[in-house]
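Chemist: Take this structure first; my questions come after.
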Amino acid sequence: MTQYRDNFTSQEAAAKYDQDVYAEGSYSALLSELEYQLVGEGLGEAGQGRGTLDFACGTGRLTRAIPPQHHPAHGIDISSEMVERARLQDSQAEYQVLDVLNSTAVEAAALGRFDRVLAFRFILNSEPRQSLECLSALNQHFCDSQTVLLINNHGNRYSHNIVSYLLARFGIRPAGVTGNTLSHKAATQLFNQAGFEIVDRVGYGLLGGRLGMKLGPDGVSRLEKSFLGRFGSGLIGRLAGHQLYKLRQAAPNRD
Ligand SMILES: C[S@@+](CC[C@H](N)C(=O)[O-])C[C@H]1O[C@@H](n2cnc3c(N)ncnc32)[C@H](O)[C@@H]1O
């Protein structure tokens, strides 16, 4: 069976990611705008000048959005096809094909430590064991207890995604329904096992693509922005399809 890590290792898959998933005007592209804002806010004040690591950076969608005060920006991914596309779209950041689970001590030391780390669109689809091993490996690239990891779950189970989750559970799979979701409880367990604690959480993406796009790009964009501004950080935000977590190393795990 194909592993998630192999899903983006063809030129077609890499192109599809940019051209289909993030096609102009698509729901994902509209949410990207919110993610740029959230990344800017979540990264906070400038760190110690060690910059930001974007783990599983893909085609550099968020690496490119890292604000200058958090540079140098460094994206790593195991897919050379994704990294190639990232390099073509961005000459500022450093992009590298690297597998944190199989990198040598020399490669890990050369990558170094960072003030901030990003990991977007990874933990939902990656196998749980692989997610845990990768997140655990990221610890060695943290500067200190002030280092922040911004990580998202783009398939929050208790949101509009509950419909596709239940359909799939009962064996009903209309086209496009994967049923792939991750609960806040499972995400929290993963973070804790990897040595992190949650310091903040924001929800965005209330409507989901199917319903949202019925409103058209302008309508959905306005509504999602307004939802994030009013409810993203509160209890209602927990019912949004995407959850962004701000993590720090848990006390016993700090250097
Ligand atoms: C859905 S893309 C997300 C890309 C980017 N973070 C974004 O939000 O647009 C997932 C990426 O994870 C990468 N990936 C999967 N398993 C990985 C692993 N074990 N180590 C590093 N990257 C991995 C894939 O190659 C792919 O580029």
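Table: residues versus (1) in contact with a His (Cβ under 9 Å, 6 or more places away or on another chain); (2) touching a residue at least 24 places away in the same chain (Cβ under 8 Å); (3) within 22 Å of Arg61 (Cβ to Cβ).
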{"residue": "Gln92", "(1), (2), (3)": "yes, yes, yes"}
{"residue": "Gln96", "(1), (2), (3)": "yes, no, yes"}
{"residue": "Ala105", "(1), (2), (3)": "no, no, no"}
{"residue": "Val117", "(1), (2), (3)": "yes, yes, yes"}
{"residue": "Leu135", "(1), (2), (3)": "no, yes, yes"}
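Chemist: Given (1) modelled with pLDDT under 95; (2) touching a Phe, Trp or Tyr at 6+ places or on another chain (Cβ under 7 Å); (3) more than 16 Å from the ligand (Cβ to nearest atom); (4) under 20 Å from Leu38 (Cβ atoms), identify the lone condition not met by Ala240.
Modeler: Tallying (1) modelled with pLDDT under 95; (2) touching a Phe, Trp or Tyr at 6+ places or on another chain (Cβ under 7 Å); (3) more than 16 Å from the ligand (Cβ to nearest atom); (4) under 20 Å from Leu38 (Cβ atoms), Ala240 fails exactly one: (1).
Chemist: Residues Ser103, Ser126, Ser91: which one is out of contact with any helix residue (DSSP H, G or I) (no Cβ under 6 Å at 6 or more places or on another chain), within 15 Å of the ligand (Cβ to nearest atom) and hydroxyl-bearing (Ser, Thr, Tyr)?
Modeler: Details: Ser126 fails: out of contact with any helix residue (DSSP H, G or I) (no Cβ under 6 Å at 6 or more places or on another chain); Ser91 fails: within 15 Å of the ligand (Cβ to nearest atom).
After ruling out the rest, the residue left standing is Ser103.
Residues are listed down the side, and each one gets a yes or a no for (1) modelled with pLDDT of 95 or more; (2) acidic (Asp, Glu); (3) more than 22 Å from Gly229 (Cα to Cα):
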site: Ile151; (1), (2), (3): yes, no, no
site: Val163; (1), (2), (3): no, no, yes
site: Ala168; (1), (2), (3): no, no, yes
site: Thr178; (1), (2), (3): no, no, yes
site: Leu182; (1), (2), (3): yes, no, yes
site: Asp200; (1), (2), (3): yes, yes, no
site: Gly203; (1), (2), (3): yes, no, no
site: Gly209; (1), (2), (3): no, no, no
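Chemist: Let me ask you something else. Please verify whether Leu215 is surrounded by fewer than 14 Cβ atoms within 10 Å (Cβ to Cβ) and either at negative phi or within 18 Å of the chain's Cα centre (by Cα) (or both), treating the condition exactly as stated.
Modeler: Spelling it out, it is not the case that Leu215 is surrounded by fewer than 14 Cβ atoms within 10 Å (Cβ to Cβ) and either at negative phi or within 18 Å of the chain's Cα centre (by Cα) (or both).
Chemist: How many residues are crowded, with 17+ Cβ neighbours inside 10 Å and not β-branched (Val, Ile, Thr) if we restrict to the range 120-135?
Modeler: 9
Chemist: Within the range 38-51, does at least one residue satisfy the condition of being over 18 Å from Phe142 (Cβ atoms), touching a residue at least 60 places away in the same chain (Cβ under 8 Å) and more than 11 Å from the ligand (Cβ to nearest atom)?
Modeler: Going residue by residue through the range 38-51, those that are over 18 Å from Phe142 (Cβ atoms) are 38, 40-41.
The next check asks that each one be touching a residue at least 60 places away in the same chain (Cβ under 8 Å); those that pass are 38.
With more than 11 Å from the ligand (Cβ to nearest atom) added as a condition, the list becomes 38.
Yes, the conditions are met somewhere in the range 38-51.
Chemist: Would you be able to say whether some residue in the range 189-202 is surrounded by 15 or more Cβ atoms within 10 Å (Cβ to Cβ), closer than 20 Å to Ser32 by Cβ and touching a residue at least 24 places away in the same chain (Cβ under 8 Å)?
Modeler: yes
Chemist: Give the number of residues within the range 4-20 that are outside any helix (DSSP H, G or I), touching an Asp or Glu at 6+ places or on another chain (Cβ under 7 Å) and near the ligand (Cβ under 8 Å from one of its atoms). Quick ask: steps written out before the conclusion?
Modeler: Kept after step one, since they are outside any helix (DSSP H, G or I), are these residues of the range 4-20: 7-10.
Retained after the next criterion (residues that are touching an Asp or Glu at 6+ places or on another chain (Cβ under 7 Å)): 8-10.
So of that shortlist, the ones also near the ligand (Cβ under 8 Å from one of its atoms) come out as 8-9.
Qualifying residue count, the range 4-20: 2.
Chemist: What number of residues within the range 48-65 satisfy the criterion of being in contact with a Cys (Cβ under 7 Å, 6 or more places away or on another chain) and assigned to a loop (DSSP other than H, G, I, E, B)?
Modeler: The qualifying residues number 2.
Chemist: List the number of the failed condition for Arg230; all other conditions in (1) at pLDDT 95 or above; (2) surrounded by 21 or more Cβ atoms within 10 Å (Cβ to Cβ) hold.
Modeler: (2)
Chemist: Give me the helices (runs of 4 or more DSSP H) completely within the range 152-240, filtered to those with at least 1 residues that are closer than 26 Å to Asp20 by Cα, ordered by residue number. Can you show your working first?
Modeler: Numbers: elements: 162-169, 184-193, 209-212, 216-231.
Ranges flagged: 162-169, 209-212, 216-231.
Chemist: Can I ask one more? Considering only the range 66-113, state which residues are within 18 Å of the chain's Cα centre (by Cα) and either in a loop (DSSP other than H, G, I, E, B) or acidic (Asp, Glu) (or both).
Modeler: If the condition is that a residue be within 18 Å of the chain's Cα centre (by Cα) and either in a loop (DSSP other than H, G, I, E, B) or acidic (Asp, Glu) (or both), then Ile66, Pro67, Asp77, Ile78, Ser79, Ala93, Leu98, Asp99, Val100 are the ones that fit.
The values are calculated or read from the model by the stated rules, or taken from the named source; none is laboratory data. A quick note: this is a predicted structure, and the numbers were derived from the prediction, not measured. All Cβ positions, glycine included, derive from the backbone under ideal geometry; neighbour counts span all protein chains shown.
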